[in-house]
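Q: Below: one structure in structure tokens.
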Amino acid sequence: MKTLDETDRKLIALLQDNARSSTVALAKAVGLSRSTVQERLQRLETAGVIAQYTVRLGSGGDPLRAWLLLRYGEGFSCDDVVPPLAQLPQVRLIHSVAGEIDLMVLVETHSPSELADLRERVAALKGVDDVTTVPVLRTALDRS
């Protein structure tokens, strides 16, 4: 297959934003005829550049929940770490606990990559020494 041109890349980007875009809408967005866009899409599919059209769940899907188990850095406490955590919209619950960990933080995200990004942000907070991520597979009982 020939290399991708700017129009091919734009078509791919449009489809990544909305895989259900009609050929007419795609054609209008890139300034080509519907039949030309159909031919380009067929070429991209045949070459394996487009492998499948899929659905990406948005905020209406079930959230991905995880517990972040935090340990404070030397000289830091709950008062140092909780305020910046509370500013993160994905944080749902914070428990201060005793033992090898200092805080249990329940978070909700929409995807594993969003969870990974959030984990990195939390790990970078001043006063956080260590973060262990424990994804929630299923809620077996919730009496809250």
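The values are calculated or read from the model by the stated rules, or taken from the named source; none is laboratory data. Everything numeric here is computed off the predicted structure, so don't read it as measured data. A quick note on method: Cβ atoms are made from the backbone with ideal geometry, for glycine too, and the neighbour counts reach across all protein chains shown. The protein model used for the area step is the full one, side chains on, heavy atoms only, and it has no ligands, DNA or RNA in it. Shrake-Rupley method; radii C 1.70, N 1.55, O 1.52, S 1.80 Å.
Q: Can you list the equivalent-ellipsoid semi-axes of the range 1-100, largest first and in whole Å, using the square root of 5 times each Cα gyration tensor eigenvalue?
A: Square roots of five times the eigenvalues give 49, 14, 13 Å.
Q: Among residues other than V107 whose Cβ falls under 9 Å from its Cβ, what is the net charge (Lys/Arg +1, Asp/Glu -1)?
A: Within the 9 Å Cβ shell, the charges total +2.
Q: Scan the chain and report its longest stretch carrying no GluC sites (Glu not before Pro) that are both in a DSSP loop and have at most 11 other Cβ atoms within 10 Å.
A: Longest run free of exposed loop sites: 1-73.
Q: Oh, and also: For the chain, what is the mean residue ellipticity at 222 nm derived from helices alone (per DSSP H run of n ≥ 4: -39500 (n - 2.57); sum divided by total residues; nearest 500 deg cm²/dmol)?
A: -11500 deg cm²/dmol, from helical runs alone.
Q: Relative contact order for the chain using alpha-carbon pairs under 8 Å, separation at least 6, rounded to a whole percent?
A: 24
Q: Rolling a 1.4 angstrom probe over the protein heavy atoms, how many square angstrom per residue are accessible across the range 1-99?
A: It amounts to 68 Å² per residue over the range 1-99.
Q: Then there is this: On the accessible surface of the chain, probed at 1.4 Å, how many percent belong to carbon and sulfur atoms?
A: Roughly 50 percent, rounded to a whole number.
Q: Tell me the label-point distance for the pair E120, Q16, using the 7 Å Cα-to-Cβ offset, in nm and rounded to one decimal.
A: For E120 paired with Q16, the spin-label model returns 1.6 nm.
Q: Modelled label-to-label distance, T46 and S96, 7 Å Cα→beta-carbon offset: nm?
A: Inter-label distance under the simple model: 6.7 nm.
Q: Considering only DSSP states other than H, G, I, E and B, which trypsin sites (Lys or Arg not before Pro) in the range 1-101 qualify as loop sites with at most 14 other Cβ atoms within 10 Å?
A: Here the sparse-neighbourhood loop sites are K2, R20, R56.
Q: Restricting attention to the range 27-102, which chymotrypsin sites (Phe, Trp or Tyr not before Pro) occupy a DSSP loop and are surrounded by at most 12 other Cβ atoms within 10 Å?
A: Of the chymotrypsin sites (Phe, Trp or Tyr not before Pro), the ones in loops of the range 27-102 whose Cβ has at most 12 other Cβ atoms within 10 Å are Y53.
Q: Could you pull out every one of the lysines with an alpha carbon less than 20 Å from that of K10, ignoring same-chain neighbours closer than 8 positions?
A: Result set, ordered by chain and number: K2, K28.
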